[in-house]
Amino acid sequence: MFKEFRDFAIKGNMIDLAIGVIIGAAFGAIVSSIVDDIFMPLIGLLLGGIDFSNLFVVLSNPNDVAVPSLAVAQEAGVATLNIGLFINAVVKFTIIAVVLFMVVKGINSMKREAAKEPVESTPAPSKEEVLLTEIRDAIRASGKA
């Protein structure tokens with residue numbers, strides 16, 4: 001059983017998958033940082049100073065606690081609808097989806113190009129081979145072979 005598992009784990013596909021997952025996690029972290037630290041602050045600035053990470057709607061505040069920020073609301077246990085965090089997640093998803101679409105499109109394009117390449121065919125027989133084949137066929141046809 002250990003040998004089967006080792007063979008499975010060492011196969012190229014499994015290693016490629018592991019590398020892909022690690023690179024994907026790193027890419028996700030980069031996209032999160034770009035969205036949270038660059039895009040959304042710039043978009044918020046253009047829209048009049050909106051802080052998307054702090055954009056929320058109070059759903060229930062039974063103790064009438066002052067909620068100047070999302071962190072305070074969460075700490076006080078106030079139910080909130082976190083619109084800004086949702087918008088950040090949608091932007092992150094969109095960026096990752098576009099990048100993955102471009103990668104898959106590039107791979108498919110390479111596969112199509114590889115399919116267009118001519119397959120090496122067997123070379124045409126030389127004149128000597130053609131002549132010998134004709135002689136063989138003539139001998140067979142005359143019934144002496």
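The values are calculated or read from the model by the stated rules, or taken from the named source; none is laboratory data. Treat the numbers as computed from the prediction; the structure is a model and nothing was measured. So basically every Cβ, Gly included, is an ideal-geometry build from the backbone, and we count neighbours across all protein chains shown. Side chains are part of the model used for accessible areas, which takes the heavy atoms of the whole protein and leaves out ligands, DNA and RNA. Shrake-Rupley method; radii C 1.70, N 1.55, O 1.52, S 1.80 Å.
Below are the figures for this structure:
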read-out: Net length gained if the chain between residue 27 and residue 103 were fully extended (0.36 nm per residue, minus Cα distance); value: 26.0 nm
read-out: Solvent-accessible surface ranking, highest first, for 101, 39 at 1.4 angstrom; value: 101, 39
read-out: Relative contact order [Cα under 8 Å, 6+ residues apart], the stretch 53-109, whole percent; value: 38
read-out: Anchor residue 105: lysines whose Cα lies under 25 Å away (excluding residues fewer than 8 positions away in-chain); value: 92, 116
read-out: The chain: most fluctuating residue of 45, 132, 17 per GNM, C-alpha cutoff 10 Å; value: 132
read-out: Angle in degrees between helix 83-116 and the longest Cα principal axis of the chain, rounded to the nearest 10; value: 10
read-out: Rounded to 10°, Cα long-axis angle of helix 127-142 versus longest principal axis of the chain; value: 60
read-out: Helix 12-34 vs. the chain, principal-axis angle (Cα, 0 to 90°, nearest 10); value: 30
read-out: Mean separation of Cα contacts under 8 Å, 6 or more apart, over the residue count of the chain: relative contact order %; value: 18
read-out: Student exercise, the chain dipole from Lys, Arg, Asp, Glu Cβ charges, in Debye to nearest 20; value: 700
read-out: Potential lengthening between residue 128 and residue 64 on full extension [0.36 nm per residue; Cα-Cα distance subtracted]; value: 12.9 nm
read-out: Rounded, prolate or oblate (a/c below 1.5 giving rounded, otherwise prolate when a/b exceeds b/c) for the chain by Cα gyration tensor; value: prolate
read-out: Rounded to the nearest 10 Å², the accessible area of residue 122 at probe 1.4 Å; value: 120
read-out: Packing-based order for 47-54, 82-89, using average beta carbon neighbours within 10 Å, highest first; value: 82-89, 47-54
read-out: Stretchable slack from residue 76 to residue 18, in nm (0.36 nm times residue separation minus alpha-carbon distance); value: 16.8 nm
read-out: CD proxy at 222 nm, helix term only [per DSSP H run n ≥ 4: -39500 (n - 2.57); per residue of the chain; nearest 500]; value: -22000 deg cm²/dmol
read-out: Alpha-carbon centroid distance for the pair the stretch 32-61 / the stretch 79-145, whole angstrom; value: 46
read-out: Loop trypsin sites (Lys or Arg not before Pro), the stretch 1-99 (other Cβ atoms within 10 Å of the site Cβ: 12 or fewer; DSSP); value: 11
